[in-house]
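S.K.: Starting off with a structure, shown below.
The values are calculated or read from the model by the stated rules, or taken from the named source; none is laboratory data. Predicted model, so just to flag it, every value in this text is computed and none were measured. Cβ: placed from backbone, ideal geometry, glycine included. Neighbour counts: every protein chain shown. These accessible areas exclude ligands, DNA and RNA; they are computed on the full protein's heavy atoms, side chains included. Shrake-Rupley method; radii C 1.70, N 1.55, O 1.52, S 1.80 Å.
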Amino acid sequence: MRRTVTLATIALVLALLFSGLVFLVIPSLRPPAMDGNGAPHVIPSLREWHGGRGVFTLAATSRIVVDPAAKEQLFDTARAFAGDLSLVTGQTLPIINLASPEPGDIFLTLTVPDQTIGDEGYLMAVGDTLTLRAHTSTGVFYGTRSVLQMLLDDPAKSHVPQGNARDWPMYRERGFMLDVARKFFPLSELKGYVRLMAWFKLNDFHLHLNDNELTVGTGPDWASKYSAFRLASPRFPTLAATDGAYTQQDMRELQDLARQYGMTITPELDAPAHALAITKFRPDLASATFDKSILDLSNPNTLPFLEALWNEFLPWFDSPQVHIGADEYVASDGESYRQFVNALDTYLKGKGREVRAWGSLSQVSGTTPMNKDVIMDLWDNDAANAPDMARAGYRIINANDNLLYIVPKAGYFPDFLDTKTLYQRWQPNIFDLHDSSKNLAPDDPHLLGGMFAVWNDKLGAVVSDADVYARVRSAMPTLGQKLWGSPTESVPYSQFAALAQTLGDAPGVQPPSP
């Protein structure tokens, strides 16, 4: 309804202005929609919010109530929520199965009237009870992250503003890659990264599991250069790095936590380059012409050995996708490269997995068509141009090195991501901030999302666990915001950065000691 401001009203406002009481009158002049609660302070921000009046209060009698029709699907989600809720508020809420929640309860259900929020979206209704609805346990889980952040933002850690939210991600791929090959991280820290990623609604933890120092060469000392393969199996007893490797039980524990937290662990075994750990184990497979960290693709034993590696380690991982590396191979051997990628893709498809690779097709040219079902992590605009790859029909993940790579203490890539620029100017369809011809349209169906990466080129002697964590923690909120698709125009970066600091390191995360 349109309001009419009369002369009498204006006179009253002026009179109160001079009396110092104008703040009592201004609310009565706002349109009715402005009287509701403002949008909660969460990262990523809610895609839609309709504020009510008043607050939901978490009390001593509150419970986490799970819809009996979904008790099996939501068991892990409810348990994770209860544990994190205790860390945030100090209250330990019981979990019960009941179809009818009472005032003060938090109700979790998979009964959803909205078909447009996808597998990871959720609906939140906050009144005397707080209800989270989604199509999947992952959607409900993301709703619990928003609730925890709202409680953390409340000084009493017990109030959530009343209102209704509709929240869903714009991109299905919201990733972080950690180079655990050139620097080993204990399992406890990997679990901490799972929690931190989930706090900001990222969903793909990509582990780069084998690599070597940058300069290897062909000289007689090549076998003394640093390399690491981080999976330890009795079938390949001397392949695993002696300074740290993960067992099958380690990967099981990590993935069990990841499943609770809406996360996928994507393993990468990098070949045919960056493969010094493999050529040390099998010197007969090392290139006779190129750098000794490169596999000889003309050797008939090379592909069968890699298939044997994947055959051993593939059952360790639940992920629907696996990563074969395939970056920085010799540009002059494009035909062998393309045939290799195709063969490994075909083998892994036969095992029921989709294949991802670092995009290189603009640089490693050839006439052999490469399989179009390989998902391209596009990291360098010269190695693989995004518009060209989209026109060719490839699905794409934006992992652009100039924008999204962290190489701690190296000096040739960002030491910390420029989060202010990313927040203000970047979107996942942007591969170059200065040349729009290298970018995709925002709604390009080939674009799956994005991923930022930490590469430990300087190895563990130079870069500490705390060094890496500080850089990841600095980047995570901004990447969570942008990959979820939340708008940033109405919130200045300084305010966003302050909120990120307030929200902290995620419940249950202990940052590594300096």
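S.K.: Can we say residue 347 is among the hydroxyl-bearing types (Ser, Thr, Tyr), farther than 30 Å from residue 492 by Cβ, free of Cβ contacts under 8 Å to residues at least 60 places away in the same chain and in contact with a strand residue (DSSP E or B) (Cβ under 8 Å, 6 or more places away or on another chain)? Even if it seems obvious, please write down each step before you answer.
M.R.: Details: among the hydroxyl-bearing types (Ser, Thr, Tyr): yes; farther than 30 Å from residue 492 by Cβ: yes; free of Cβ contacts under 8 Å to residues at least 60 places away in the same chain: yes; in contact with a strand residue (DSSP E or B) (Cβ under 8 Å, 6 or more places away or on another chain): no.
Judged against the criteria, residue 347 is not a match.
S.K.: Here are the criteria: (1) modelled with pLDDT of 95 or more; (2) within 29 Å of residue 446 (Cα to Cα); (3) open to solvent by less than 20 Å² (accessible area, probe 1.4 Å). Tell me which single one residue 354 does not satisfy.
M.R.: Here residue 354 clears every test but (3).
S.K.: Restricted to the stretch 204-224, and to residues that are assigned to a loop (DSSP other than H, G, I, E, B) and without any contact (Cβ under 8 Å) to a residue 60 or more places away in the chain, which residue is most open to solvent (accessible area, probe 1.4 Å)?
M.R.: Ranking the candidates gives 220 first.
S.K.: Here is a follow-up. When the residues of the stretch 269-304 are narrowed to those that are of a type in the set (Asp, Glu) and open to solvent by 10 Å² or more (accessible area, probe 1.4 Å), which ends up nearest to residue 176 (Cα to Cα)?
M.R.: Looking at residues that are of a type in the set (Asp, Glu) and open to solvent by 10 Å² or more (accessible area, probe 1.4 Å), I get 291.
S.K.: Same structure, new question: Within the stretch 123-135, which residues are open to solvent by 40 Å² or more (accessible area, probe 1.4 Å) and within 22 Å of the chain's Cα centre (by Cα)?
M.R.: 135, the sole residue that qualifies.
S.K.: Residue 183: modelled with pLDDT of 95 or more and open to solvent by 10 Å² or more (accessible area, probe 1.4 Å), yes or no?
M.R.: On the way: modelled with pLDDT of 95 or more: yes; open to solvent by 10 Å² or more (accessible area, probe 1.4 Å): yes.
Yes, satisfied.
S.K.: Report yes if some residue within the stretch 246-268 is open to solvent by 30 Å² or more (accessible area, probe 1.4 Å), part of a loop (DSSP other than H, G, I, E, B) and in contact with a strand residue (DSSP E or B) (Cβ under 9 Å, 6 or more places away or on another chain); otherwise report no.
M.R.: yes
S.K.: Still on this model: Restricting to the stretch 331-351, name every residue that is modelled with pLDDT of 95 or more and of a type in the set (A, V, I, L, M).
M.R.: Passing the criteria: 341, 343, 344, 348.
S.K.: Is there any pair linking a residue in the stretch 62-91 that is at positive phi and at pLDDT 95 or above to one that is open to solvent by 50 Å² or more (accessible area, probe 1.4 Å) and assigned to a helix (DSSP H, G or I), with Cβ under 6 Å and at least six apart or on different chains, and which?
M.R.: Close Cβ pairs satisfying both conditions: none exist.
S.K.: Report, by residue number, each residue of the stretch 81-104 that is open to solvent by less than 50 Å² (accessible area, probe 1.4 Å) and not aromatic (Phe, Trp, Tyr).
M.R.: Residues satisfying the conditions are 82, 83, 84, 85, 86, 88, 89, 91, 93, 96, 101, 104.
S.K.: OK, next. Among the residues that make up the stretch 472-479, is at least one of them touching a His at 6+ places or on another chain (Cβ under 8 Å) and of a type outside the set (Val, Ile, Thr)?
M.R.: Checked the stretch 472-479: no residue is touching a His at 6+ places or on another chain (Cβ under 8 Å) and of a type outside the set (Val, Ile, Thr).
S.K.: Please count how many residues of the stretch 309-349 are open to solvent by 40 Å² or more (accessible area, probe 1.4 Å) and under 26 Å from the mean Cα position of the chain (by Cα).
M.R.: Counting residues in the stretch 309-349 that are open to solvent by 40 Å² or more (accessible area, probe 1.4 Å) and under 26 Å from the mean Cα position of the chain (by Cα) gives 5.
S.K.: Can I ask one more? Of the residues that make up the stretch 301-309, is at least one among the hydroxyl-bearing types (Ser, Thr, Tyr) and either in a loop (DSSP other than H, G, I, E, B) or more than 19 Å from residue 212 (Cβ to Cβ) (or both)?
M.R.: So far as the stretch 301-309 goes, no, none of its residues is among the hydroxyl-bearing types (Ser, Thr, Tyr) and either in a loop (DSSP other than H, G, I, E, B) or more than 19 Å from residue 212 (Cβ to Cβ) (or both).
S.K.: Identify, from the list 211, 154, the residue that is of a type in the set (Asp, Glu) and more than 30 Å from residue 376 (Cα to Cα). Step through it out loud before you land on a result.
M.R.: On the way: 211 fails: more than 30 Å from residue 376 (Cα to Cα).
After ruling out the rest, the residue left standing is 154.
S.K.: With among the small types (Gly, Ala, Ser), farther than 23 Å from residue 398 by Cβ and part of a helix (DSSP H, G or I) as the only criterion, which of 475, 470 stands out?
M.R.: Within the list 475, 470, the selection yields 470.
S.K.: Here's something else I'd like to know. Is it the case that residue 486 is within 30 Å of residue 88 (Cα to Cα) and touching a Lys or Arg at 6+ places or on another chain (Cβ under 7 Å)? Working first, answer last.
M.R.: Values: within 30 Å of residue 88 (Cα to Cα): yes; touching a Lys or Arg at 6+ places or on another chain (Cβ under 7 Å): yes.
Answer is yes for this residue.
S.K.: Out of the stretch 457-474, which residues are under 29 Å from residue 79 (Cβ atoms) and either in contact with a Leu (Cβ under 7 Å, 6 or more places away or on another chain) or open to solvent by 10 Å² or more (accessible area, probe 1.4 Å) (or both)?
M.R.: 465, 469, 473
S.K.: Taking the residues in the stretch 403-416 that are free of Cβ contacts under 8 Å to residues at least 40 places away in the same chain and within 15 Å of residue 454 (Cβ to Cβ) as candidates, determine which candidate is least open to solvent (accessible area, probe 1.4 Å).
M.R.: Looking at the filtered set, the residue picked out is 403.
S.K.: Among 175, 192, 127, 163, which is the only one that is modelled with pLDDT of 95 or more and at positive phi?
M.R.: Exactly one residue qualifies, and that residue is 163.
S.K.: Right, something else. Output the residue which, of all residues in the stretch 371-393 that are open to solvent by less than 10 Å² (accessible area, probe 1.4 Å) and assigned to a loop (DSSP other than H, G, I, E, B), is nearest to residue 349 (Cα to Cα).
M.R.: Per the criteria, the residue is 374.
S.K.: Given the options 428, 512, name the one that is part of a loop (DSSP other than H, G, I, E, B) and over 15 Å from residue 176 (Cα atoms).
M.R.: Of the residues listed, the single one that is part of a loop (DSSP other than H, G, I, E, B) and over 15 Å from residue 176 (Cα atoms) is 512.
S.K.: Let me ask you something else. Go through (1) part of a helix (DSSP H, G or I); (2) at positive phi and name the single condition residue 337 misses.
M.R.: Among (1) part of a helix (DSSP H, G or I); (2) at positive phi, residue 337 violates only (2).
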